[in-house]
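Structure, as structure tokens:
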Ligand code: H79
């Protein structure tokens, strides 16, 4: 990415907004990313040396030779892995889709791949297909399932990008034909309906090669979404930088992939967890700007999901469930004149949702020009008293009375019903 010229970067910037054609993705708003592979066994440490980088990059960061790293497979026996339990939790947390790392940069396939024995069925004592278990659990719970697939970087295949951190003298074409294309074909033909393929780090993949991947996906599953990181401007939606949130509302379909701490794969020493409140605010912020939040968990090698992740997401889930109406299916909110220090806005047709993050007795909004026809508390739909009018300065104002038992509460939402379809944000006049 860093090697891209300005001209190439500019070309990408000029690209039209992206559109998946898949309604479910536009409405989803919240998904679960799962990073799990052999790196979970190292959990951030190899031979007494610790990585202070993202833990799934340990092979690269600590220069572990492929011949050494691949021996980890012999230790992979996740007896605590429970696909059903994870999918049930994701459902409980209000998430609408799951993206699982079928193959990360390390090159290890988490399914019974026919074209590479470096996989969870053939190379581990566990011997069971992880992707299939997620497939079956997602089907049982009506959850969309997509696969992360590292299309270019493969540190195990000698012709994959970044193998031995060296990209010279490679036959990338040979790798594509030997591993990447056949593996994609397996994932798209043997594992039911694939909601999306989450490509990542295209590196030197040419436009023609990216197009071949897109064509392969679409030929096998026309409804399968191709993520932004296919590269060469061919993605169906925009993926922001990892953990980066656009400052402004952004048109089209997009997604923020994000972590709960500072790693994707499990790192036993990373305790830098965001708290539930922070995650709730990030979710609402992203939704309000029109995006989906794809939030990660990194299970331990045993299959156990770190308690901290569960604890945070259980709390986030409470907010999401209580306020689901104000999250799921919402659309991008335009630019409101004010940044509220106590809340944020989301919207649907004829409805403006006010997410209240700090305790208060009434909720006051200025410079919104709509005709408000009703107000209610989203959690239980109870009607709320409200008044509309103008301030002494002549700005339109809306004031909603918060019910008494909510005076000390934070993190809830209020719906304002509008006669008009969209909010009318007026400029500040002074
Ligand atoms: O899967 C997760 C990451 O592993 C992957 N994308 C998310 C979703 C990712 N691939 N590349 N990158 C993220 C950015 C890589 C940054 C790097 Fe580094 C800087 C690679 C080498 C220097 C960070 C520091 C990783 C290793 C050292």
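A few notes on this one:
- Residue match in region 314-331 (condition: in a strand (DSSP E or B), closer than 19 Å to residue 27 by Cβ and more than 16 Å from the ligand (Cβ to nearest atom)): yes
- Yes/no for residue 304 being surrounded by 13 or more Cβ atoms within 10 Å (Cβ to Cβ), modelled with pLDDT of 95 or more and farther than 30 Å from residue 427 by Cβ: yes
- Whichever residue in region 60-72 is in a helix (DSSP H, G or I) and within 16 Å of the ligand (Cβ to nearest atom) and, among such residues, is farthest from residue 110 (Cα to Cα): 61
- Residue match in region 84-96 (condition: out of contact with any helix residue (DSSP H, G or I) (no Cβ under 7 Å at 6 or more places or on another chain), in contact (Cβ under 8 Å) with a residue 40 or more places away in the chain and within 12 Å of the ligand (Cβ to nearest atom)): no
- Restricting attention to region 121-131, the residues that are under 13 Å from residue 81 (Cα atoms) and in contact (Cβ under 8 Å) with a residue 12 or more places away in the chain add up to 4.
- Flag if residue 265 is in a loop (DSSP other than H, G, I, E, B), within 16 Å of the ligand (Cβ to nearest atom) and surrounded by fewer than 17 Cβ atoms within 10 Å (Cβ to Cβ): no
- Any hit, region 97-109, residues being at pLDDT 95 or above, closer than 17 Å to residue 297 by Cα, outside any loop (DSSP other than H, G, I, E, B) and away from the ligand (no atom under 16 Å from the Cβ): no
- Region 291-307, residues that are more than 26 Å from residue 20 (Cβ to Cβ) and within 16 Å of the ligand (Cβ to nearest atom): 298, 299
- Region 160-190, subset over 17 Å from residue 216 (Cβ atoms) and surrounded by 15 or more Cβ atoms within 10 Å (Cβ to Cβ), residue farthest from the ligand (Cβ to nearest atom): 170
- Checking residue 355 against (1) touching a helix residue (DSSP H, G or I) at 6+ places or on another chain (Cβ under 6 Å); (2) within 16 Å of the ligand (Cβ to nearest atom); (3) touching a residue at least 40 places away in the same chain (Cβ under 8 Å), the condition it does not meet: (2)
- Any hit, region 270-290, residues being touching a strand residue (DSSP E or B) at 6+ places or on another chain (Cβ under 6 Å), within 16 Å of the ligand (Cβ to nearest atom), at pLDDT 95 or above and part of a strand (DSSP E or B): no
- Entirely in region 350-413, the strands (runs of 3 or more DSSP E) that have 2 or more residues that are surrounded by 11 or more Cβ atoms within 10 Å (Cβ to Cβ) and within 33 Å of the chain's Cα centre (by Cα): 351-356, 362-366, 372-377
- Reported count of residues in region 209-231, each being surrounded by fewer than 16 Cβ atoms within 10 Å (Cβ to Cβ) and within 15 Å of the ligand (Cβ to nearest atom), is 0.
- Residues being on the phi > 0 side of the Ramachandran plot and either surrounded by fewer than 19 Cβ atoms within 10 Å (Cβ to Cβ) or in contact with a helix residue (DSSP H, G or I) (Cβ under 8 Å, 6 or more places away or on another chain) (or both) are entirely absent from region 271-293.
- Tally of residues being assigned to a loop (DSSP other than H, G, I, E, B), more than 16 Å from the ligand (Cβ to nearest atom), out of contact with any helix residue (DSSP H, G or I) (no Cβ under 8 Å at 6 or more places or on another chain) and modelled with pLDDT of 95 or more across region 3-59: 3
- Options 260, 234: the member that is touching a strand residue (DSSP E or B) at 6+ places or on another chain (Cβ under 9 Å), more than 25 Å from residue 348 (Cβ to Cβ) and within 16 Å of the ligand (Cβ to nearest atom): 260
- Against the list (1) more than 16 Å from the ligand (Cβ to nearest atom); (2) out of contact with any strand residue (DSSP E or B) (no Cβ under 8 Å at 6 or more places or on another chain); (3) farther than 30 Å from residue 140 by Cβ, the condition residue 202 fails is (1).
- Residues (outside any loop (DSSP other than H, G, I, E, B), within 16 Å of the ligand (Cβ to nearest atom) and under 19 Å from the mean Cα position of the chain (by Cα)) located in region 115-159: 146, 147, 148, 149
The values are calculated or read from the model by the stated rules, or taken from the named source; none is laboratory data. As the structure is a prediction and not an experimental result, all values here were calculated from the model. Counting neighbours? That spans all protein chains shown, and the Cβs are built from the backbone with ideal geometry, glycine included.
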